[in-house]
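Novice: Structure in structure tokens, see below.
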Amino acid sequence: MWPKDFPEKQPQCTVKEQFDIKKLENLLSDLRKLWPSLSNYESPESFWKHEFNRHGKCATEDPAIVNQHGYFKFGIELMKKLHLLDKLIKNGIKPDQSKQYETALDQFPLGICVSYAECLNWS
């Protein structure tokens, strides 16, 4: 999940919360299945750390998200609602920890714009 203004600019926020995998223990099964790294990260944990530090910290200022656990839980719920994994597979992309994708996200054949309150057009 990226901030709404991405990629034009990254928001600035003052949240000091640091990524802590222990706070995500009850989400790990869903994270491994629904939020795998599609590029070259050492581990799923390093990818999730990047996601939270780069995109999630400011999201915690939203009352619907509040903290790191809320950020990842919200993302998982959104992926389940959008059936994102099924759509990736349908378009020939089967995320897997043993594969790496060098293609930028905007080059995937998804035809989707997503914000929890914005549009979804899947071809």
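Novice: Across the range 6-40, which residue is modelled with the lowest pLDDT among those that are within 15 Å of the chain's Cα centre (by Cα) and assigned to a loop (DSSP other than H, G, I, E, B)?
Specialist: In this case the residue turns out to be Phe6.
Novice: Do you know which of the residues in the range 41-60 that are over 18 Å from Leu78 (Cβ atoms) and in a loop (DSSP other than H, G, I, E, B) is modelled with the lowest pLDDT?
Specialist: Across the range 41-60, the extreme among qualifying residues is Tyr41.
Novice: Starting from the range 51-68, keep only residues that are closer than 23 Å to Arg32 by Cβ, then list their pairs with residues that are of a type in the set (Asp, Glu) and surrounded by fewer than 17 Cβ atoms within 10 Å (Cβ to Cβ) whose Cβ atoms are within a distance under 8 Å, requiring at least 6 positions of separation or different chains.
Specialist: Lys57/Glu17; Thr60/Glu17; Asn67/Glu17; Gln68/Glu17; Gln68/Asp20
Novice: In addition: For residues that are crowded, with 18+ Cβ neighbours inside 10 Å and either in a helix (DSSP H, G or I) or among the hydroxyl-bearing types (Ser, Thr, Tyr) (or both), tally how many sit in the range 61-72.
Specialist: Total satisfying the criteria: 3.
Novice: Within the range 11-51, can you find the residues that are among the β-branched types (Val, Ile, Thr) and either touching a strand residue (DSSP E or B) at 6+ places or on another chain (Cβ under 7 Å) or exposed (fewer than 12 other Cβ atoms within 10 Å of the Cβ) (or both)?
Specialist: Thr14
The values are calculated or read from the model by the stated rules, or taken from the named source; none is laboratory data. This is a predicted model, so every value here is computed, not measured. Using ideal geometry, Cβ is built from the backbone for each residue, glycine included, and neighbour counts are taken over all protein chains shown.
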